[in-house]
Amino acid sequence: MERRTLLKQLGLTISGLSLAGRSQAAPFFAPSATDEKIQKGKFEPTWESLQTYQVPDWYRNAKFGIWAHWGPQCQPEAGDWYARGMYEEGSRQYKIHQEKYGHPSKFGFKDVINEWKADQWNPDELVSLYKGVGAKYFFAMANHHDNLDLYNSKYQKNWNSTKVGPKKDIIGGWAKAAKKQGLPFGVSVHAAHAWRWFETAQRSDKNGPLAGVPYDGNLTKADGKGLWWEGLDPQELYAQRHPLSQNSADNGSIHGQWHWGNGVYPPTKAYMENFVNRTIDLINQYDPDLIYFDDSQLPFWPISDAGIRIAAHHYNHSIKKHGELRAILNGKILDENQRKAMVWDIERGQANDVLPFVWQSDTCIGDWHYNRAVYDRKGYKTPQMVVQTLVDVVSKNGNYLLNIPVRGNGSIDEQERAIVESIGRWMNANSESIYDTRPWTVYGEGPSTENQAKLTGQGFNEGKTKFTAADIRFNTKGDVLYATVMNAPTDGKTTIKSLAQGSANYSRTVNKVEWLSQKQSLPFERTAAGLVVQFPPNRPADSFVDVLKIV
């Protein structure tokens, strides 16, 4: 939805980036003290102050990160948004839940958490693997819309992974492993949306023998007597002591209410302030270099400044700890000014041209949460698809964050491991053309540069463009130009039109063309049609995307 339309529906107006009005339904709360210490410093909790942010060079140079989007929703191995979908009568995940665990009135998501033991989780081995295949930073999920904190949380003190489920400090384990490997560490934070997202848990079946029997979304602490969760309040997890949002029975309505408008029942100040405390606590305990918010802009914007306060703390905390700003903050659906304040993240998609600022594409080789069905049908992205996207993103001044789904037990399956290792072999041979590079005069040429798929919402144009042997992507490092052929030419010959004799793009003489992965000089001819390069007849198995080093 267009931002001004959204603000109008909320009863707000916008001038620059400051709210000038107040919504009667969901008032804008002025900054208030929290229980957790907030770092003061250069950045104030305003959009105007955050716009002075400069992306640190380490991130601009890193280009490639790997993400473990892992939590209790991976335990059923049934894909993303399981904790919501299991309460949607008749849905695929509802049926899977019935088969695995029973009816959601008797066995709810809180009980799935109890099943999650993470008994094969070895963070040192996995992070070492990801470092070895070329990742320059590592992300772990700190909480999802299911509202379980995966760390020793002071403010979600009963519903966190040290107290229930695996009874382990998941973020602590990941952070220690990343530090051991010398990788910048990031956390993804999704829990702001539990308020609206878990409304399905307030439902009951409309059909069948248990029609009308409520699911477990309204249970209270008193209901747990004699059960494994005795003494715990499910409402601290589900956050459902509130009326349903408008059109809540429509499963798709949540997408139009993601911005906290369009009839969403407004979250309470207490709920939002608790989220602030939880997130500041996360930063203060684990010192993440990167934070990814699964929000349109920042958490609870535009109905609260909660996310802006967290952002300012994150930046100031980084300066205090390192003596310089190392922090990265990712958000989605950002306007031009907001992109100055943080790094724009495009979910499952790519920009269509070189952007003047560093941005990030985040995607996954399968579903966000582990899905056994993807494994069974061998439905993961191929190494070639991953590398093609990486190269395309980097050519447009972007970074690429790739999720490798983790099974509930904490391991990755053998198909995923083979894909990761294949990506690693390509990176080992070609990473010179990725790290520390900058965009060229044009990002590319070929059919894929024409009529590109447009972004929808926060992204989602991934996979709609197919790369051919005529598609080339460019980037530079010093006086070196890298031209990457996105698919193997059937006749072994590549013509790069952008490097034609007399081209304004490249006025220098071409002295040498090297097949980077093989460290082999290739014969070439520069004509009015382009730079024509001939590959040898025998090609290595992992040479599915070829980089030419041109000097």
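Looking at the range 356-375, I want the residues that are part of a helix (DSSP H, G or I) and have a partner that is of a type in the set (A, V, I, L, M) with Cβ atoms under 9 Å, at least 6 apart or on another chain. Which pairs are those?
ARG372/ALA78; ALA373/ALA78; VAL374/ILE365
Can you report the number of residues in the range 429-480 which are surrounded by fewer than 19 Cβ atoms within 10 Å (Cβ to Cβ) and β-branched (Val, Ile, Thr)?
Count: 7.
Regarding the range 183-197, can at least one residue be identified that is over 26 Å from the mean Cα position of the chain (by Cα) and at pLDDT 95 or above?
Looking for residues that are over 26 Å from the mean Cα position of the chain (by Cα) and at pLDDT 95 or above, one finds none in the range 183-197, hence no.
Among the residues of the range 522-539, are any of a type in the set (Phe, Trp, Tyr), within 22 Å of LYS396 (Cα to Cα) and assigned to a strand (DSSP E or B)?
Within the range 522-539 (the criterion being of a type in the set (Phe, Trp, Tyr), within 22 Å of LYS396 (Cα to Cα) and assigned to a strand (DSSP E or B)), the answer is no, since none of the residues qualifies.
Given (1) surrounded by 23 or more Cβ atoms within 10 Å (Cβ to Cβ); (2) touching a strand residue (DSSP E or B) at 6+ places or on another chain (Cβ under 7 Å), identify the lone condition not met by SER296.
(1)
Checking the structure you have, find out if any residue of the range 183-191 is farther than 13 Å from GLY108 by Cβ and free of Cβ contacts under 8 Å to residues at least 24 places away in the same chain.
Checked against the condition, which is being farther than 13 Å from GLY108 by Cβ and free of Cβ contacts under 8 Å to residues at least 24 places away in the same chain, the range 183-191 yields no hits at all.
Tell me whether the range 80-92 contains one or more residues that are closer than 23 Å to VAL420 by Cα and in a loop (DSSP other than H, G, I, E, B).
yes
When you scan the range 112-138, how many residues do you find that are in contact (Cβ under 8 Å) with a residue 24 or more places away in the chain and assigned to a helix (DSSP H, G or I)?
Residues that pass the stated criteria total 13.
Considering every residue within the range 132-155, establish whether at least one is of a type in the set (A, V, I, L, M, F, W, C), at pLDDT 95 or above and under 30 Å from GLY208 (Cβ atoms).
yes
Could you please tell me which pairs satisfy a Cβ distance under 7 Å, a separation of 6+ or placement on different chains, a first residue in the range 230-255 that is on the phi > 0 side of the Ramachandran plot, and a second residue that is aromatic (Phe, Trp, Tyr)?
Pairs found: ALA239/TRP195; ALA239/PHE198; ALA239/TYR271.
Residues being of a type outside the set (Ser, Thr, Tyr) and farther than 21 Å from ALA140 by Cα: count how many of those fall in the range 359-396.
16
Can you pull out the residues in the range 397-416 that are surrounded by 20 or more Cβ atoms within 10 Å (Cβ to Cβ) and under 28 Å from ASP546 (Cα atoms)?
ASN397, GLY398, ASN399, TYR400, LEU401, LEU402, ASN403, ILE404, PRO405, GLU416
The values are calculated or read from the model by the stated rules, or taken from the named source; none is laboratory data. From a predicted model like this one, the values you see are computed outputs, not experimental measurements. Note that we place each Cβ from the backbone using ideal geometry, even for glycine, and neighbour counts take in every protein chain shown.
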